[in-house]
1. Looking at P45, P54, which is the one that is closer than 14 Å to G27 by Cβ and touching a Phe, Trp or Tyr at 6+ places or on another chain (Cβ under 7 Å)?
2. If S143 meets every condition in (1) surrounded by fewer than 18 Cβ atoms within 10 Å (Cβ to Cβ); (2) within 16 Å of C195 (Cβ to Cβ); (3) polar (S, T, N, Q) apart from one, which number is that one?
3. Could you run through the stretch 228-255 and say how many residues are at pLDDT 70 or above and either acidic (D, E) or part of a strand (DSSP E or B) (or both)?
4. Answer with yes or no whether G138 is assigned by TED's automatic domain parsing to the domain that holds K68, more than 30 Å from D62 (Cα to Cα), without any contact (Cβ under 8 Å) to a residue 40 or more places away in the chain and of a type outside the set (K, R).
Amino acid sequence: MVRRCQGDRHLRGENLEDLNFRGGDYGKFLWTVDGVDYARYYLPPTARNLDSTPEQIIAQMDYLGISKGIVQGGHTYGRLNEYLGGVVRQYPERLYALASIREWMADDPAVIAELRSAVEDHGLTGLFFDTASVKRAGRSELSDDPVFDEFRGVVRELGIPVFWNVTSASSELESWMEQHAAFGRWLERYPDIACVYTHGIPLYRFWSSGKLEFISELGFERVELGVIAANSGARRFYEAYGWVLVRTFPKGIEGVPVAIYELS
């Protein structure tokens, strides 16, 4: 029997090396305390073997009426550039894929060569860049530091877009703002490199006394938010935290209703 764990109460006071942490099935990670197995869902329960096969992704795309998708890797999933190259060669009409590199080593010729290989040899069509990885590896530079200029030059030469995950190793708001400022400077220095801002603004970092303070922190006058599948429960959630409904699209996207909210 495997017990589902809520919180960390089954970890406190334990020697973490003795808990036999391991991957399970159906999205679970497992560990053992006093002979009892515990589980925590890290991935969706549809991840039967902690995976999401290209065929499963394409089936989901077909269900939603999506003709072509972009597969994003990341350090959590492993070094997948070569594997993803095989996937896009197998399904060139359905999938693009992004390269992942060790961002904290982007000034290393070996890592620059890895990016070239991912694009030129494996057919990947963009770069996923996680801004927190540099400091997690013990370095102090930000993403716009001149030490990475050669790397950025290669990105420009390859003509690929950069998909940014602007985040920070620290949970402090100041740390995230520092990363975001560096991202802004990067955009000004390299206006000819196409960029995609992934994952959106992490609203939890701006939560204070029951309110979201990010508008004043970032200097915005107002923010608009599109909510897909805007059912009554979703609307109650946003309206409880000060978002004002400005317009609705009942037929929305592929028949899924969309609501537009504003926060000022």
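The values are calculated or read from the model by the stated rules, or taken from the named source; none is laboratory data. The structure presented is a predicted model; accordingly, all values stated were derived computationally and were not measured. With ideal geometry, Cβ positions are generated from the backbone for all residues, glycine too; neighbour counts draw on all protein chains shown.
1. P45
2. Condition (1) is where S143 drops out.
3. Within the stretch 228-255, residues that are at pLDDT 70 or above and either acidic (D, E) or part of a strand (DSSP E or B) (or both) number 9.
4. yes
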